[in-house]
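Enquirer: Pasting a structure here, questions to come.
The values are calculated or read from the model by the stated rules, or taken from the named source; none is laboratory data. The model shown is predicted, which means the values in this text are computed figures rather than measured ones. So basically every Cβ, Gly included, is an ideal-geometry build from the backbone, and we count neighbours across all protein chains shown.
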Amino acid sequence: MVRPRAAAVSCSFLKSCSLCRLELSPNKDVYMYRGDQGFCSEECRWQQILLDEARERDAAAGIKERQRRGPQARYHTPVVVGRGRPPRKTLAVA
Ligand SMILES: [Zn+2]
């Protein structure tokens, strides 16, 4: 992920909740996390903390996995051409 420069991001990053994308109002409390993420509620911020922790665990596990199985086992995605649409991944959002 490419991070925009701090100057470019400063005016827009608090417009919406980093988790549920709800619009943040300047009149309401914004819950900050890691200094650059704003959330509409404590619950959203907590969800993001949990997501980050899970992601870090996955990343650590992924490195081990790759070393064991080799890169192609994890990253090769079969592409079916001319047989309808590829299966859609459904993102589970808690
Ligand atoms: Zn939210």
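Enquirer: Let me confirm something: among GLN37, GLN48, which residue is more than 8 Å from the ligand (Cβ to nearest atom), polar (S, T, N, Q) and in contact with a helix residue (DSSP H, G or I) (Cβ under 8 Å, 6 or more places away or on another chain)?
Expert: So the residue among GLN37, GLN48 that is more than 8 Å from the ligand (Cβ to nearest atom), polar (S, T, N, Q) and in contact with a helix residue (DSSP H, G or I) (Cβ under 8 Å, 6 or more places away or on another chain) is GLN37.
Enquirer: Could you say which residue among SER25, SER16 is within 16 Å of the ligand (Cβ to nearest atom), small (Gly, Ala, Ser) and either at pLDDT 95 or above or farther than 25 Å from ALA92 by Cβ (or both)?
Expert: SER25
Enquirer: Which residue pairs have Cβ atoms under 6 Å apart, sit 6 or more places apart or on different chains, and have a first residue in the stretch 24-45 that is over 12 Å from LEU14 (Cβ atoms) and a second that is within 8 Å of the ligand (Cβ to nearest atom) and part of a loop (DSSP other than H, G, I, E, B)?
Expert: Once the first residue is over 12 Å from LEU14 (Cβ atoms) and sits in the stretch 24-45, its partners that are within 8 Å of the ligand (Cβ to nearest atom) and part of a loop (DSSP other than H, G, I, E, B) give CYS44/CYS17; CYS44/LEU19; CYS44/CYS20.
Enquirer: Please find, within the stretch 40-80, the residue that is modelled with the highest pLDDT out of those that are loosely packed, with under 11 Cβ neighbours inside 10 Å, among the basic types (Lys, Arg) and over 21 Å from the mean Cα position of the chain (by Cα).
Expert: Once the filter is applied, the top-ranked residue is LYS64.
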